[in-house]
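First up is the structure itself, then whatever we jot down about it.
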Amino acid sequence: MTNRRSGDRTQPTPDVLSITDTEAACKRIIAELETVVVGKRPELELVLSGLLAGGHILLEDLPGLGKTLIARSLAQVTGLTVGRVQFTPDLMPADVTGSLLYDREGQDFKFRPGPIFNNVVLGDEINRAPPKTQAALLEAMQERQVTVDGVSHPLPVPFIVLATQNPIEFEGTYPLPEAQIDRFMVRTSIGYPSEDDDAEIIRRRLQRRTDKIELNEIVDAATLRAMQASLEDVLVSEPVIEYCVSLVHATRASTQVHAGAGPRGVEALVKLARARASLGGRSYATPDDVKAVAVSALAHRIMLLPELWVRGVDTASVVQDCLESVPTPPTLPPEGAFQRESPTFPDNDRAS
């Protein structure tokens, strides 16, 4: 159990929050984010679900649509430390993970941590880094540690990579290796705002009288860890587990793909379904929770046949076909569970 400050008194933060307390905290976080991110509640709920599930998130969309703003704002309202990495073609692995420096006084080498040693690593334009630098992230994203000169250095908890990339710009970019993109639990896009939302963005900027945006810290790192731990109390019935497995295997059996989603796809579906149930104040996950996150959890893990990729077929449509072909289990809520309205996530995703 950890402590946090509240006024002049120190209040203990429980190691695990109840589902009700997690739901309430999520609502406050979303409300604070919506003061600067206008008209994107489903996208914010999806990103927050990825954070609750402890997964890495890839925001893929055109420039200027708020990818970096969402990433930076989410870290600010959750009280997490942020390390920003601007990925460029000349970026070296040591620029991300850290390096050994010679200490003249101690006459020995000491490790200087890089920006990856933060709770949230904001990787801006992650596909601009060369493969050698991308490979340096593999161990960190999977094992939550960095090995330098044979010594392993654990990363802080929680640790989330929140990366952005432009899906249509190819000049000076490198496609993310399949091993790395599979480590992202969620890939989603933001999309253009509506006319009303564009007007509201301008009104709020004029009201602030500054480009600088300040957000309130809604929860601290200890509370966020307790919120993440509360997902373990969300029940996942056997039919829902089988449904997740069937969806992933349907992607592998599709005649449109060269390779379907792997075991991480099943794990991502279950974790995100639990997070979505938690945001809705429910102590159990349903097939509808799985359907709501399926495209964002699976589409980026699929490799299309070359001839379909040339014809403009995207992997999101493959996942949609699987959702339509796999029977939905008629699962009833567990006895004693309570049901509330669940958040609505985007039902499509820009996939390549």
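Every number in this text was worked out from the coordinates using simple rules, so none of it is lab data. As the structure is a prediction and not an experimental result, all values here were calculated from the model. Counting neighbours? That spans all protein chains shown, and the Cβs are built from the backbone with ideal geometry, glycine included.
Highest mean first, what order results for 230-236, 149-155, 159-165 on Cβ atoms within 10 Å?
Top of the packing list down: 159-165, 230-236, 149-155.
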request  = Quick one: which residues, 5 or more positions from ILE160 or on another chain, have an amide H under 5 Å from its amide H? H modelled 1.01 Å from N in the peptide plane, none for Pro or chain starts.
outcome  = VAL120, VAL121
message = So if each residue of separation counts as 0.36 nm, and I subtract the Cα-Cα distance between SER246 and ASP211, what length gain in nm does that give?
response = 7.8 nm
ask   = Percentage of Cα-Cα pair distances in the chain greater than 39 Å, rounded to whole percent?
value = 15
Packing-based order for 268-278, 96-106, using average beta carbon neighbours within 10 Å, highest first = 268-278, 96-106
message = Greater than 29 Å separation of Cα atoms is the criterion. Which listed pairs, LYS40/LYS212; LYS67/LYS291; LYS212/LYS291; LYS27/LYS132, meet it?
response = LYS212/LYS291; LYS27/LYS132
request  = Determine ³J(HN,Hα), in whole Hz, for all residues of region 55-66 in sequence, where each value follows from phi through the Karplus function 6.51 cos²θ - 1.76 cosθ + 1.60 and θ = phi - 60°; x replaces Gly and Pro.
outcome  = x, 7, 10, 10, 9, 10, 6, 5, x, x, 9, x
ask   = With +1 on each Lys and Arg Cβ and -1 on each Asp and Glu Cβ, how big is the dipole of the chain about its Cα centre, in debye rounded to the nearest 20?
value = 640
ask   = Say the dipole of the chain comes from +1 at the beta carbon of Lys and Arg and -1 at that of Asp and Glu; which of MET185, LEU137, ALA71 then lies farthest toward its positive end?
value = ALA71
remark   = A student asked for the Cα radius of gyration and Dmax of region 156-282 in angstrom ought to give 19.6, 55
message = If I take every Cα pair under 8 Å that is 6 or more residues apart in the chain, average their sequence separation and divide by the length, what percent do I get for the relative contact order?
response = 22
ask   = Quick one: length gained pulling ASP233 to ASN166 fully straight, 0.36 nm per residue minus the C-alpha distance?
value = 20.4 nm
